[in-house]
Amino acid sequence: MNSLEESKLYAKIMDLRYEIRFPDKSTKNRTESEVFYINKVNNCIGQIQIILGDLNTSVKLLNHPFTNEFIQKTGVNNFQYMRLLLSNYLIKINTILDLSIILVSDVYNLGISPKHTSISALRKNVNTKDSYDLELLVEFAKSISEFKAQRNSLVHQGDLKSESLDDILLAEAKHLGVELNITESEATEFIQKAFATYKNLVDQNLPFVQKFIVDLVNSVEQEFDRHINMYKLLNT
């Protein structure tokens, strides 16, 4: 199993969402609290799904450095394109962590507002401090710590600190006629290598991110079931 849509919890939530929208006699008596709980978890998984889709799109776009013809028509050069993709990736991969922490909090129904939800808060909570879900989050946070530092530099200082971007900027300057001690073919090679470097990074990292999400969603399924069963008991 390597996709969020294949997880049992995803299927369960989709079924529950359908029952909420089109209730029959056996399901129409759900309480507002249960409906709120289901919607809350569903919305968080939906957001994670969208972000994963964005990261997958980045991989596809990285296969296509711009041609000179496209640059002339749009006015967008490879440096701008690469910076946009790299900025998007760094922000989105950190958003995956934030949403995953919120997902655990929501599934456990801790009542913590999203802006106050953190790994530290989960460590202090009696319901999550010894959970495997928290272990997964901590491990993932460690694995993307380098990306987090780059993201913080981008958001707070506007600096991506990327050698690949520096190479593209140099190549674009050569293509624009700036006198540099490199040939046109070397400048083109700089661009191709920069895209390849970033693509290799994403290709290596994205499957790990996808596996983490599927593992986490499968892990919290038991806690989600416990809450749904509790609501059923309260409704009888």
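Output the residue which, of all residues in the range 181-228 that are touching a Leu at 6+ places or on another chain (Cβ under 8 Å) and free of Cβ contacts under 8 Å to residues at least 24 places away in the same chain, is most open to solvent (accessible area, probe 1.4 Å).
Phe190
Consider Asn94 carefully, then state whether it is in contact with a helix residue (DSSP H, G or I) (Cβ under 8 Å, 6 or more places away or on another chain) and open to solvent by 50 Å² or more (accessible area, probe 1.4 Å).
It is false that Asn94 is in contact with a helix residue (DSSP H, G or I) (Cβ under 8 Å, 6 or more places away or on another chain) and open to solvent by 50 Å² or more (accessible area, probe 1.4 Å).
Spot the failing condition for Glu146; the list is (1) open to solvent by 70 Å² or more (accessible area, probe 1.4 Å); (2) closer than 20 Å to Gln222 by Cβ, and only one is missed.
(2)
Those residues that are in a loop (DSSP other than H, G, I, E, B) and among the polar types (S, T, N, Q), I need them from the range 181-236; list them, please.
Residues satisfying the conditions are Asn181, Thr183, Thr236.
Counting residues that are under 21 Å from the mean Cα position of the chain (by Cα) and modelled with pLDDT of 90 or more, which helices (runs of 4 or more DSSP H) fully inside the range 13-130 reach at least 2?
32-61, 78-107, 119-124
On the basis of being of a type outside the set (Ser, Thr, Tyr) and open to solvent by less than 30 Å² (accessible area, probe 1.4 Å), does Leu86 make the cut?
The answer is yes for Leu86.
Being open to solvent by less than 40 Å² (accessible area, probe 1.4 Å), small (Gly, Ala, Ser) and over 20 Å from Pro207 (Cβ atoms) is the filter here; which residues of the range 119-143 pass it?
Those that are open to solvent by less than 40 Å² (accessible area, probe 1.4 Å), small (Gly, Ala, Ser) and over 20 Å from Pro207 (Cβ atoms): Ala121, Ser131.
The values are calculated or read from the model by the stated rules, or taken from the named source; none is laboratory data. The shown structure was predicted, so the numbers you read here are calculated from the model rather than taken from an experiment. Here Cβ is always computed from backbone atoms with ideal geometry, including for glycine, and neighbour counts include all displayed protein chains. These accessible areas exclude ligands, DNA and RNA; they are computed on the full protein's heavy atoms, side chains included. Shrake-Rupley method; radii C 1.70, N 1.55, O 1.52, S 1.80 Å.
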